[in-house]
1. State all residues of the range 210-223 that are among the small types (Gly, Ala, Ser) and crowded, with 23+ Cβ neighbours inside 10 Å; if no residue qualifies, say none.
2. Go through the range 535-571 and count every residue that is closer than 20 Å to residue 496 by Cβ and touching a helix residue (DSSP H, G or I) at 6+ places or on another chain (Cβ under 8 Å).
3. Among helices (runs of 4 or more DSSP H) lying entirely in the range 505-599, which contain 1 or more residues that are modelled with pLDDT of 90 or more and surrounded by 18 or more Cβ atoms within 10 Å (Cβ to Cβ)?
4. Looking at (1) at pLDDT 95 or above; (2) more than 28 Å from the chain's Cα centre (by Cα); (3) open to solvent by 50 Å² or more (accessible area, probe 1.4 Å); (4) not aromatic (Phe, Trp, Tyr), which is the one condition that is false for residue 489?
5. When residue 240 is evaluated against the numbered criteria (1) buried (at least 18 other Cβ atoms within 10 Å of the Cβ); (2) under 22 Å from the mean Cα position of the chain (by Cα), which criterion, by number, is the only one it fails?
6. Of all helices (runs of 4 or more DSSP H) completely enclosed by the range 90-179, which ones contain at least 1 residues that are within 18 Å of residue 67 (Cα to Cα)?
7. So residue 229 ticks every box in (1) closer than 24 Å to residue 66 by Cα; (2) surrounded by fewer than 17 Cβ atoms within 10 Å (Cβ to Cβ) but one. Which box is left unticked?
8. If I ask for residues that are closer than 23 Å to residue 81 by Cβ, touching a His at 6+ places or on another chain (Cβ under 8 Å) and of a type outside the set (S, T, N, Q), which ones from the range 167-195 would you list?
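The values are calculated or read from the model by the stated rules, or taken from the named source; none is laboratory data. Here the structure is a predicted model, which means the values were calculated and not measured. Cβ placement follows ideal geometry from the backbone for every residue including glycine, while neighbour counts extend to all protein chains displayed. The protein model used for the area step is the full one, side chains on, heavy atoms only, and it has no ligands, DNA or RNA in it. Shrake-Rupley method; radii C 1.70, N 1.55, O 1.52, S 1.80 Å.
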Amino acid sequence: MAQPAYVQGTLDTFLSADGSVEPAALSLADTTFVVLDLETTGGAADGAGITEIGAVKVRSGEQLGEFGTLVNPGEPIPPFITVLTGITEAMLAPAPPIESVLPTLLEFLRGSVLVAHNAPYDVGFLKAACARHGYPWPQPRVLDTAALARRALTRDEVPNRKLATLAHFFHARVQPTHRALDDAKATVDVLHGLIERLGSFRVHTLGDAIEFAKAVTPNQRRQKHLAEGLPHVPGVYVFRAADDRPLYVGTSKDIATRVRSYFTASEKRARISEMLGAAAKVEAVECAHSLEAEVRELRLIAAHSPPYNRRSKYPERVVWLKLTEEAYPRLSVVRRLADDGAAYLGPFSSRRTAELAAAGVYDAVPLRQCTHTLSVRTITPACALAELGRCPAPCEHKITPEDYALRAALPFSTATTGDPEPVVSALMDRIEVLADRQRYEEAAVIRSRLIALLRATVRMQRLSAVTRLAEVVAARRDQIGGWEIAVVRHGRLAAAATSPPYQHPRPTLDMVRLTAETVLPGPGPVPAASAEETERILAWLERPDTRLVETSGDWVSPVRGAARFTSLLSKAEGAASGKDSSVRSSVTDRSDDARSLRL
C-alpha cells in the first residue's frame, strides 16, 4: 500500500513506551528544527522535479547549520518557473541529481523536527524522491508554519498566509525570493515569530504546537485550560458544569494525557464538543490501578447518569427471564430477581433481547406461551398454538404436570445452571431442517435466537462462578516492580491497592483486606454489583499475568456447562455479522452452512 504523502503527528507519538510524557521531546525551547524549502519544476510529486533545496537547522533561536544545493531535475524547466525563480537549465546542468543529494539531506534531517511553509507540498516531493530511489523516509515530525499562521493570526493582522506576507509581518531579516535557502531563512524568522505568538494560546510544547496547527475548534482552545494541573496517574476524570453537576465521566491509565486529548483535533464527536462548552472544571480521582479506575467509572456513571455518557448509565434497567412457580410454569420477563428458588436467566440489557432468548426456548422445548394462570382442576380453552402442535395444551390437561415439568420446564432450568445441550441441540436441528428445505431466512431467525440464548447462559454461568465466592484476592505485577492488588467479594470490588516497588506485597495485602468493604451475599449471578462491573473484574482476573492469592472456596464452573459452547457462540455471531469466513452470514446459499454451526 502506498504511503500518504503527508501525515501530521499526534500527541500519542510523543509518549514513551510506558505511556509517560517526555518533556525534553515536547519542549519547543529544546527542540531542534530543520526549516526546509524546495524549488521545483512545478509538476507532480513523482520523485523528480526538485531544482533546489535549502534548509536551516536551529534550536532555541540559534542557527546550528545550513544546507543548500541546486538539483538537476533531469527534465526541462518550464519558462514560467525560470521567470519566477531565476533558475535556468544552464545553472542546473552541472548540479547533482536528487539521488546524490538525498543521503546528505536525510542525515541533516536526522533527529530534528521538519518545518516548512505549506509542508504537505515539500514533504510530498521528498517522500516521492525517497521512494523512487530506494531511500527509507525517516518519518520526521512535521510542523507547518502556514497552518500555524492560520490558527494564530487573524485576518485583521495579515490579509493572507503567504510566506512573503508573514515575513513582512514578523520583520524577517531575509525576505523570500523564491530561492530555496532564502525562503528557508525567511521561514525561520516566521517560525520564531509564531512561537512567540503561541505563548498567548498556552502552547509551549511541540505536541501542543502540532495539535494547535490542526482544525481545533475555538471552543476547544477556549476550554483547554481545564486540562491543566491534572496528574499523570491511572484513575477517573469527571467533567463538571458550573453547578458541580457531572457532565461526563471517563477513565484512563494517564488522566492528564487523556483529558488533553479532548482539546485536540482528533476529538471530533459533536456531543463531546457540546459537553466541553458546558464544562467548568475537570475533577480527577486517582486510583490504585486500572481495574479500580474502571469500576469507579461504572459506579459514578450509574450514580449520576451524566448526560454525555452513553454507555453504562442505567444498570438497574436490566431484565430477567423467570420460570414461574406454578403447576404449568411459563417464562416471564421480570425486572427483579427474587430469592424464591425459581429458575432465572439473565441479566438482559433490554426486554427485546430477553424476548429473543425466550423465543429460542419456545423453539426448543414445549413451554406454554400464554399468560393465563392454569388450574390442575379446571380446563381452559386451548389457543392456536395447541392446534398447530406448538404447545402440549396443558390448559386442556392433555399433559400431566409431571410430564410437563420433565419435557418443558426442566430443560430450561438445567440450561441456566448446568448443561444447555438439550436446548441447543433442538435449535441446531431446526436450523438444519430449515436449511435443507432452503428456508434460509427462517434458519437465520432461529440462529439469532440461539445466539441470544447461548450468550445469556454462558454469561450467567460465568458470573455465577465468581459471585458465589465470598472473597477472592488477586494480584498482578505493575510496570515499575510493584503489585496491583484487588479484593473481590461476591463479584464486587471491595478494595484495591498497589504495593511499593520491589517490596513484599503481603503487608499491603493484609492492610487492604482489613479495610475492604463488607459485601453481603444475595440471590442470582450478580448479587452485589452490576453485571458489567463483575465482567470487568473477571477480565482482570483472567489475564495471564494475574495471580490468585487466596479464595474462600473453589472457583469452578459446571463440567458440562454453557462454557463448552463458547466456540459455537463465536462462530454463530461471526456468521450473523458476516465476519466469519467459515460460515456464511445470511444462511442463504447451502444447507452445509447450517450444519457447520454444529459442534
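1. 213
2. 10
3. Working: elements: 506-515, 531-541, 566-577, 591-595.
In the range 505-599, the matching helices (runs of 4 or more DSSP H) lie at 506-515, 531-541, 566-577.
4. Failed condition: (3).
5. Among (1) buried (at least 18 other Cβ atoms within 10 Å of the Cβ); (2) under 22 Å from the mean Cα position of the chain (by Cα), residue 240 violates only (2).
6. Working: elements: 98-109, 119-133, 145-152, 163-169.
Where helices (runs of 4 or more DSSP H) fall fully within the range 90-179 and carry at least 1 residues being within 18 Å of residue 67 (Cα to Cα), they are 98-109, 119-133.
7. Answer for residue 229: the failing condition is (1).
8. Hit for the range 167-195 is 183, nothing else.
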